[in-house]
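A short write-up of the structure that comes next.
The values are calculated or read from the model by the stated rules, or taken from the named source; none is laboratory data. Treat the numbers as computed from the prediction; the structure is a model and nothing was measured. We place every Cβ from the backbone using ideal geometry, glycine too, and count neighbours over all the protein chains shown. With ligands, DNA and RNA removed, areas are computed over all heavy atoms of the protein, side chains included. Shrake-Rupley method; radii C 1.70, N 1.55, O 1.52, S 1.80 Å.
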Amino acid sequence: MTTAFDPIDLPGIRLASRIVVAPMTRSRATAEALPTALTAEYYAQRASAGLIVTEGVQPSVVGQGYPNTPGLHTAEQIAAWRTVTDAVHAAGGRIFAQLMHTGRIGHPDLLPEGVVNVAPSPVAADGQVYTHEGPKEFVTPRELTDAEIRATVDDFAAAARNAVEAGFDGVELHGANGYLIHQFLSPGSNLRGDDWGGSVAGRIRFAVETVKAVAEAIGPGRTAIRLSPGNPFNSIVEPEPEPTYTALVDALAPLGLAYLHVVEVEPQARKVTAVLRERFGGVFVLSPATEGPTGPESLALVEDGTTDVVAYGQLFLANPDLPARLQAGGPFNSPDPSTFYGGGAAGYTDYPAL
(Lines give C-alpha, C1' and ligand atoms only; values in the text may rest on other atoms or scores of the structure.)
Protein backbone atom coordinates (compact mmCIF):
# COMPACT_ATOMS: atom_id res chain seq x y z
CA MET A 1 0.00 0.00 0.00
CA THR A 2 1.28 3.44 -0.95
CA THR A 3 1.49 5.88 1.96
CA ALA A 4 2.08 9.61 2.24
CA PHE A 5 5.60 8.88 3.51
CA ASP A 6 6.66 7.13 0.30
CA PRO A 7 8.63 8.98 -2.37
CA ILE A 8 7.10 10.02 -5.68
CA ASP A 9 8.54 11.12 -8.99
CA LEU A 10 7.32 14.28 -10.67
CA PRO A 11 8.23 14.54 -14.35
CA GLY A 12 11.16 16.77 -13.41
CA ILE A 13 12.22 15.79 -9.87
CA ARG A 14 11.85 13.15 -7.18
CA LEU A 15 10.07 14.04 -3.94
CA ALA A 16 11.09 12.27 -0.73
CA SER A 17 7.47 12.07 0.46
CA ARG A 18 3.93 12.91 -0.61
CA ILE A 19 3.45 15.61 2.05
CA VAL A 20 3.50 19.17 0.70
CA VAL A 21 3.63 22.60 2.29
CA ALA A 22 0.62 24.39 0.79
CA PRO A 23 1.13 27.98 -0.37
CA MET A 24 0.38 30.44 2.44
CA THR A 25 0.67 34.23 2.23
CA ARG A 26 2.59 35.56 5.25
CA SER A 27 3.10 39.26 4.27
CA ARG A 28 6.63 39.56 5.59
CA ALA A 29 8.46 40.81 2.49
CA THR A 30 10.12 44.21 2.36
CA ALA A 31 8.64 47.33 0.77
CA GLU A 32 10.59 46.37 -2.37
CA ALA A 33 8.80 42.98 -2.42
CA LEU A 34 11.97 41.15 -1.35
CA PRO A 35 12.03 38.00 0.76
CA THR A 36 14.35 38.28 3.76
CA ALA A 37 16.75 36.16 5.79
CA LEU A 38 13.78 35.31 7.98
CA THR A 39 11.98 33.99 4.89
CA ALA A 40 14.92 31.71 4.14
CA GLU A 41 14.88 30.41 7.71
CA TYR A 42 11.12 29.82 7.61
CA TYR A 43 11.20 27.71 4.45
CA ALA A 44 14.41 25.86 5.38
CA GLN A 45 12.75 24.83 8.65
CA ARG A 46 10.10 23.03 6.55
CA ALA A 47 12.50 21.32 4.14
CA SER A 48 11.53 17.86 5.40
CA ALA A 49 8.36 18.20 3.30
CA GLY A 50 8.31 16.33 0.02
CA LEU A 51 7.77 19.73 -1.60
CA ILE A 52 7.37 23.32 -0.43
CA VAL A 53 5.12 25.63 -2.44
CA THR A 54 5.82 29.22 -1.49
CA GLU A 55 3.43 31.99 -0.62
CA GLY A 56 1.94 33.77 -3.63
CA VAL A 57 4.62 35.70 -5.55
CA GLN A 58 3.53 38.46 -7.92
CA PRO A 59 4.84 38.14 -11.50
CA SER A 60 4.54 41.89 -12.10
CA VAL A 61 4.00 45.12 -10.21
CA VAL A 62 0.28 45.22 -11.00
CA GLY A 63 -0.11 41.64 -9.79
CA GLN A 64 0.29 42.61 -6.14
CA GLY A 65 -2.88 42.50 -4.06
CA TYR A 66 -1.71 42.50 -0.43
CA PRO A 67 0.85 44.41 1.64
CA ASN A 68 4.40 43.08 1.87
CA THR A 69 4.07 40.19 -0.53
CA PRO A 70 7.18 39.20 -2.54
CA GLY A 71 7.76 39.48 -6.27
CA LEU A 72 9.79 37.79 -9.00
CA HIS A 73 10.06 40.56 -11.56
CA THR A 74 13.30 42.39 -10.65
CA ALA A 75 16.95 41.40 -10.42
CA GLU A 76 16.95 42.24 -6.71
CA GLN A 77 14.02 39.91 -6.10
CA ILE A 78 15.73 37.08 -7.99
CA ALA A 79 18.86 37.50 -5.86
CA ALA A 80 16.86 37.59 -2.64
CA TRP A 81 14.95 34.42 -3.54
CA ARG A 82 18.25 32.67 -4.31
CA THR A 83 19.12 32.87 -0.61
CA VAL A 84 15.81 31.13 0.15
CA THR A 85 16.19 28.33 -2.39
CA ASP A 86 19.82 27.78 -1.39
CA ALA A 87 18.77 27.38 2.25
CA VAL A 88 16.01 24.92 1.36
CA HIS A 89 18.26 22.86 -0.89
CA ALA A 90 21.04 22.82 1.71
CA ALA A 91 18.49 21.31 4.10
CA GLY A 92 17.58 18.63 1.54
CA GLY A 93 14.26 20.14 0.41
CA ARG A 94 12.49 20.88 -2.85
CA ILE A 95 10.70 24.17 -3.48
CA PHE A 96 8.32 25.60 -6.12
CA ALA A 97 7.40 29.28 -6.37
CA GLN A 98 3.68 30.00 -6.57
CA LEU A 99 3.08 32.74 -9.14
CA MET A 100 0.02 34.73 -8.12
CA HIS A 101 -1.47 37.70 -9.99
CA THR A 102 -4.36 38.90 -7.82
CA GLY A 103 -6.21 40.79 -10.58
CA ARG A 104 -9.17 42.68 -9.11
CA ILE A 105 -8.27 41.62 -5.55
CA GLY A 106 -6.28 44.46 -4.06
CA HIS A 107 -6.33 48.24 -4.05
CA PRO A 108 -4.53 51.04 -5.95
CA ASP A 109 -3.01 52.15 -2.62
CA LEU A 110 -0.88 48.98 -2.75
CA LEU A 111 0.38 49.78 -6.26
CA PRO A 112 2.68 52.48 -7.67
CA GLU A 113 1.08 55.82 -8.41
CA GLY A 114 -1.02 55.69 -11.55
CA VAL A 115 -1.27 51.89 -11.58
CA VAL A 116 -4.73 50.40 -11.04
CA ASN A 117 -6.07 46.90 -10.52
CA VAL A 118 -6.96 44.95 -13.67
CA ALA A 119 -9.25 42.03 -14.42
CA PRO A 120 -11.05 40.26 -17.28
CA SER A 121 -14.05 42.58 -16.85
CA PRO A 122 -14.83 45.74 -14.85
CA VAL A 123 -16.61 43.84 -12.06
CA ALA A 124 -15.64 44.65 -8.46
CA ALA A 125 -15.37 41.95 -5.81
CA ASP A 126 -17.36 42.38 -2.63
CA GLY A 127 -15.49 43.12 0.57
CA GLN A 128 -12.31 44.82 1.69
CA VAL A 129 -8.57 44.38 1.50
CA TYR A 130 -6.07 45.39 4.17
CA THR A 131 -3.77 48.25 3.16
CA HIS A 132 -1.09 50.15 5.06
CA GLU A 133 -3.81 52.68 5.91
CA GLY A 134 -6.25 50.03 7.10
CA PRO A 135 -9.07 48.11 5.37
CA LYS A 136 -10.44 49.56 2.12
CA GLU A 137 -13.21 48.46 -0.21
CA PHE A 138 -12.25 46.61 -3.37
CA VAL A 139 -12.37 48.92 -6.39
CA THR A 140 -13.84 48.31 -9.82
CA PRO A 141 -10.89 47.01 -11.87
CA ARG A 142 -9.95 48.16 -15.33
CA GLU A 143 -10.75 45.63 -18.06
CA LEU A 144 -7.65 44.21 -19.71
CA THR A 145 -7.31 44.73 -23.45
CA ASP A 146 -6.38 41.86 -25.74
CA ALA A 147 -2.81 43.18 -25.96
CA GLU A 148 -2.60 43.53 -22.18
CA ILE A 149 -3.82 39.96 -21.69
CA ARG A 150 -1.06 38.71 -23.98
CA ALA A 151 1.46 40.86 -22.09
CA THR A 152 0.23 39.38 -18.80
CA VAL A 153 0.82 35.88 -20.16
CA ASP A 154 4.35 37.02 -21.01
CA ASP A 155 4.76 38.37 -17.46
CA PHE A 156 3.99 34.92 -16.05
CA ALA A 157 6.51 33.31 -18.40
CA ALA A 158 9.18 35.88 -17.50
CA ALA A 159 8.55 35.36 -13.78
CA ALA A 160 8.88 31.60 -14.29
CA ARG A 161 12.26 32.10 -15.95
CA ASN A 162 13.23 34.34 -13.04
CA ALA A 163 12.15 31.61 -10.62
CA VAL A 164 14.47 29.09 -12.27
CA GLU A 165 17.29 31.66 -12.21
CA ALA A 166 16.57 32.11 -8.50
CA GLY A 167 17.04 28.38 -7.93
CA PHE A 168 13.45 27.18 -7.68
CA ASP A 169 12.73 23.60 -8.74
CA GLY A 170 9.60 24.78 -10.55
CA VAL A 171 6.55 27.02 -10.35
CA GLU A 172 2.89 26.58 -9.49
CA LEU A 173 0.47 28.97 -11.20
CA HIS A 174 -2.25 30.19 -8.83
CA GLY A 175 -5.47 29.55 -10.71
CA ALA A 176 -7.59 29.30 -7.56
CA ASN A 177 -9.17 31.31 -4.75
CA GLY A 178 -10.53 34.15 -6.85
CA TYR A 179 -7.32 35.59 -8.27
CA LEU A 180 -6.68 36.58 -11.89
CA ILE A 181 -6.61 33.16 -13.56
CA HIS A 182 -9.69 32.15 -11.58
CA GLN A 183 -11.38 35.43 -12.51
CA PHE A 184 -11.03 34.46 -16.18
CA LEU A 185 -12.51 31.01 -15.49
CA SER A 186 -15.58 32.30 -13.65
CA PRO A 187 -18.67 33.45 -15.58
CA GLY A 188 -19.39 35.85 -12.73
CA SER A 189 -16.17 37.83 -13.13
CA ASN A 190 -15.49 37.23 -16.83
CA LEU A 191 -18.21 38.96 -18.85
CA ARG A 192 -16.15 39.34 -22.01
CA GLY A 193 -17.62 38.77 -25.46
CA ASP A 194 -14.30 38.21 -27.25
CA ASP A 195 -12.11 35.10 -27.50
CA TRP A 196 -11.05 35.43 -23.83
CA GLY A 197 -14.58 34.96 -22.45
CA GLY A 198 -18.13 33.95 -23.20
CA SER A 199 -17.98 30.21 -23.84
CA VAL A 200 -16.16 27.63 -21.74
CA ALA A 201 -13.44 27.57 -24.39
CA GLY A 202 -13.06 31.34 -24.09
CA ARG A 203 -13.00 31.40 -20.31
CA ILE A 204 -10.33 28.69 -20.02
CA ARG A 205 -8.15 30.28 -22.69
CA PHE A 206 -6.15 32.56 -20.39
CA ALA A 207 -5.30 29.66 -18.06
CA VAL A 208 -4.32 27.41 -20.95
CA GLU A 209 -2.24 30.06 -22.73
CA THR A 210 -0.46 30.98 -19.49
CA VAL A 211 0.37 27.37 -18.63
CA LYS A 212 1.65 26.75 -22.16
CA ALA A 213 3.80 29.89 -22.09
CA VAL A 214 5.33 28.95 -18.74
CA ALA A 215 5.89 25.34 -19.83
CA GLU A 216 7.64 26.59 -22.96
CA ALA A 217 9.78 28.96 -20.88
CA ILE A 218 10.98 26.52 -18.21
CA GLY A 219 9.77 23.07 -19.27
CA PRO A 220 6.47 21.34 -18.52
CA GLY A 221 8.06 19.17 -15.82
CA ARG A 222 8.73 22.33 -13.84
CA THR A 223 5.24 23.76 -14.39
CA ALA A 224 2.13 23.14 -12.27
CA ILE A 225 -1.22 24.82 -11.63
CA ARG A 226 -3.55 25.12 -8.64
CA LEU A 227 -7.33 25.16 -9.18
CA SER A 228 -10.33 25.44 -6.83
CA PRO A 229 -13.52 24.49 -8.70
CA GLY A 230 -16.64 26.17 -7.31
CA ASN A 231 -14.73 28.12 -4.67
CA PRO A 232 -16.77 31.27 -3.83
CA PHE A 233 -13.83 33.02 -2.14
CA ASN A 234 -13.25 36.60 -3.32
CA SER A 235 -16.75 36.83 -4.85
CA ILE A 236 -16.25 34.10 -7.42
CA VAL A 237 -19.48 32.69 -8.87
CA GLU A 238 -19.28 29.24 -10.48
CA PRO A 239 -22.72 27.61 -10.29
CA GLU A 240 -21.72 24.65 -12.50
CA PRO A 241 -17.95 24.32 -12.31
CA GLU A 242 -17.51 20.78 -13.65
CA PRO A 243 -17.83 21.53 -17.41
CA THR A 244 -15.33 24.40 -17.15
CA TYR A 245 -12.75 22.44 -15.19
CA THR A 246 -13.04 19.22 -17.16
CA ALA A 247 -12.44 21.21 -20.35
CA LEU A 248 -9.49 22.97 -18.73
CA VAL A 249 -7.91 19.77 -17.43
CA ASP A 250 -8.48 18.06 -20.78
CA ALA A 251 -6.49 20.89 -22.39
CA LEU A 252 -3.69 20.66 -19.81
CA ALA A 253 -3.38 16.87 -19.50
CA PRO A 254 -1.34 16.32 -22.69
CA LEU A 255 1.30 18.90 -21.70
CA GLY A 256 3.21 16.68 -19.23
CA LEU A 257 2.98 19.10 -16.29
CA ALA A 258 4.69 18.50 -12.94
CA TYR A 259 1.34 18.16 -11.18
CA LEU A 260 -2.23 19.39 -10.87
CA HIS A 261 -3.11 20.87 -7.46
CA VAL A 262 -6.81 20.97 -6.58
CA VAL A 263 -8.30 22.82 -3.61
CA GLU A 264 -11.61 21.43 -2.37
CA VAL A 265 -14.03 23.89 -0.78
CA GLU A 266 -16.48 21.39 0.69
CA PRO A 267 -16.66 17.60 1.09
CA GLN A 268 -19.25 17.41 -1.69
CA ALA A 269 -16.52 18.58 -4.08
CA ARG A 270 -14.90 15.13 -3.88
CA LYS A 271 -16.92 14.06 -6.95
CA VAL A 272 -15.31 16.78 -9.05
CA THR A 273 -11.93 15.94 -7.50
CA ALA A 274 -12.27 12.34 -8.67
CA VAL A 275 -13.24 13.41 -12.19
CA LEU A 276 -10.30 15.82 -12.51
CA ARG A 277 -7.83 13.31 -11.08
CA GLU A 278 -8.85 10.69 -13.62
CA ARG A 279 -8.83 13.10 -16.58
CA PHE A 280 -5.46 14.64 -15.68
CA GLY A 281 -3.65 11.34 -15.47
CA GLY A 282 -0.44 12.84 -13.99
CA VAL A 283 0.64 13.56 -10.42
CA PHE A 284 -2.32 14.89 -8.44
CA VAL A 285 -1.96 17.12 -5.35
CA LEU A 286 -4.97 17.72 -3.11
CA SER A 287 -5.76 20.36 -0.51
CA PRO A 288 -8.75 18.47 0.88
CA ALA A 289 -11.95 19.92 2.29
CA THR A 290 -11.93 19.22 6.03
CA GLU A 291 -13.64 20.52 9.13
CA GLY A 292 -10.94 22.83 10.38
CA PRO A 293 -7.28 22.71 9.25
CA THR A 294 -6.13 19.64 7.34
CA GLY A 295 -5.12 17.06 9.95
CA PRO A 296 -3.49 13.62 10.24
CA GLU A 297 -6.64 11.89 8.98
CA SER A 298 -5.95 13.30 5.51
CA LEU A 299 -2.97 10.94 5.13
CA ALA A 300 -5.54 8.25 4.34
CA LEU A 301 -6.39 10.08 1.10
CA VAL A 302 -3.07 8.92 -0.31
CA GLU A 303 -3.57 5.38 0.95
CA ASP A 304 -7.03 5.03 -0.61
CA GLY A 305 -5.97 6.55 -3.92
CA THR A 306 -7.99 9.78 -3.70
CA THR A 307 -4.78 11.69 -4.37
CA ASP A 308 -1.08 11.10 -4.98
CA VAL A 309 0.04 13.91 -2.69
CA VAL A 310 -1.65 15.77 0.18
CA ALA A 311 -1.00 19.46 0.97
CA TYR A 312 -0.98 20.88 4.50
CA GLY A 313 -1.43 24.55 5.34
CA GLN A 314 -1.95 25.72 8.90
CA LEU A 315 -0.64 22.52 10.47
CA PHE A 316 2.64 22.97 8.55
CA LEU A 317 2.72 26.64 9.48
CA ALA A 318 2.76 25.69 13.18
CA ASN A 319 4.82 22.50 12.90
CA PRO A 320 8.01 22.97 10.87
CA ASP A 321 8.82 19.24 11.24
CA LEU A 322 5.30 18.11 10.33
CA PRO A 323 6.22 14.88 8.47
CA ALA A 324 8.01 13.55 11.57
CA ARG A 325 5.09 14.54 13.78
CA LEU A 326 2.57 12.91 11.43
CA GLN A 327 4.59 9.71 11.37
CA ALA A 328 4.81 9.73 15.17
CA GLY A 329 1.11 10.56 15.61
CA GLY A 330 1.87 13.95 17.17
CA PRO A 331 1.98 15.99 19.29
CA PHE A 332 1.15 19.06 17.21
CA ASN A 333 1.68 22.76 17.90
CA SER A 334 -1.45 24.91 17.50
CA PRO A 335 -1.24 27.76 14.98
CA ASP A 336 -1.66 31.34 16.21
CA PRO A 337 -3.92 33.22 13.74
CA SER A 338 -2.91 36.60 15.19
CA THR A 339 0.57 36.14 13.67
CA PHE A 340 -0.44 34.74 10.27
CA TYR A 341 0.15 38.03 8.40
CA GLY A 342 2.92 40.55 8.90
CA GLY A 343 5.31 40.94 11.79
CA GLY A 344 8.60 39.23 12.47
CA ALA A 345 9.78 35.92 13.88
CA ALA A 346 6.87 35.50 16.30
CA GLY A 347 4.45 32.98 14.82
CA TYR A 348 6.77 32.57 11.84
CA THR A 349 10.07 30.92 12.72
CA ASP A 350 9.64 30.35 16.46
CA TYR A 351 7.35 27.30 16.39
CA PRO A 352 9.37 24.51 18.08
CA ALA A 353 10.34 21.24 16.44
CA LEU A 354 10.10 17.95 18.33
Quiz item: Is one or more of the residues making up the range 289-304 of a type in the set (A, V, I, L, M, F, W, C), in contact with a helix residue (DSSP H, G or I) (Cβ under 9 Å, 6 or more places away or on another chain) and within 27 Å of Asp350 (Cβ to Cβ)?
Solution: yes
Self-check item: Qualifying positions in the range 173-220 - within 23 Å of Thr54 (Cα to Cα), hydroxyl-bearing (Ser, Thr, Tyr) and not in a helix (DSSP H, G or I)
Solution: Tyr179
Quiz prompt | Residue under evaluation Pro337, criteria (1) open to solvent by 10 Å² or more (accessible area, probe 1.4 Å); (2) of a type outside the set (Ser, Thr, Tyr); (3) in contact with a Lys or Arg (Cβ under 8 Å, 6 or more places away or on another chain); (4) at pLDDT 95 or above, criterion not met | solution = (3)
Practice problem: Mind listing whichever residues of the range 81-95 are open to solvent by less than 10 Å² (accessible area, probe 1.4 Å), in a helix (DSSP H, G or I) and not aliphatic (A, V, I, L, M)? | Solution: Trp81, Thr85
Quiz prompt | Search result, residues across the range 222-251 that are over 19 Å from Ser287 (Cα atoms) and in contact with a strand residue (DSSP E or B) (Cβ under 7 Å, 6 or more places away or on another chain) | solution = Arg222
Quiz prompt | Selection count, the range 282-330, where residues are free of Cβ contacts under 8 Å to residues at least 60 places away in the same chain, open to solvent by 50 Å² or more (accessible area, probe 1.4 Å) and touching a Leu at 6+ places or on another chain (Cβ under 8 Å) | solution = 3
Self-check item: Which listed residue, of Gln64, Gln58, Gln98, is open to solvent by 30 Å² or more (accessible area, probe 1.4 Å) and closer than 20 Å to Phe340 by Cβ
Solution: Gln64
Practice problem: Read through the list (1) assigned to a helix (DSSP H, G or I); (2) surrounded by fewer than 16 Cβ atoms within 10 Å (Cβ to Cβ); (3) at pLDDT below 95, then give the number of the only condition that Ala269 fails. | Solution: (2)
Self-check item: Of all residues in the range 181-221 being in contact with a Pro (Cβ under 8 Å, 6 or more places away or on another chain) and within 25 Å of Trp81 (Cβ to Cβ), the one that is least open to solvent (accessible area, probe 1.4 Å)
Solution: Gly221
Quiz item: Any idea which of Leu276, Leu301 is in a helix (DSSP H, G or I) and over 22 Å from Glu238 (Cβ atoms)?
Solution: Leu301
Quiz item: Quick one: what pairs do we get from the range 72-97, first residue closer than 25 Å to Thr152 by Cα, second hydroxyl-bearing (Ser, Thr, Tyr) and outside any strand (DSSP E or B), C-beta under 7 Å, 6+ apart or different chains?
Solution: His73/Ser60; Ile95/Tyr43; Ile95/Thr85
Practice problem: Identify the single condition in (1) modelled with pLDDT of 95 or more; (2) out of contact with any His (no Cβ under 9 Å at 6 or more places or on another chain) that Ala159 does not satisfy, given that it satisfies every other one. | Solution: (2)
Quiz item: For the range 2-46, how many residues meet the condition of being in a helix (DSSP H, G or I), more than 18 Å from the chain's Cα centre (by Cα) and of a type outside the set (Asp, Glu)?
Solution: 5
Exercise. Find all pairs meeting these conditions: Cβ atoms under 8 angstrom apart; at least six residues apart or on different chains; first residue within the range 231-253 and charged (D, E, K, R); second residue part of a helix (DSSP H, G or I) and open to solvent by 40 Å² or more (accessible area, probe 1.4 Å).
Key: Asp250/Arg279
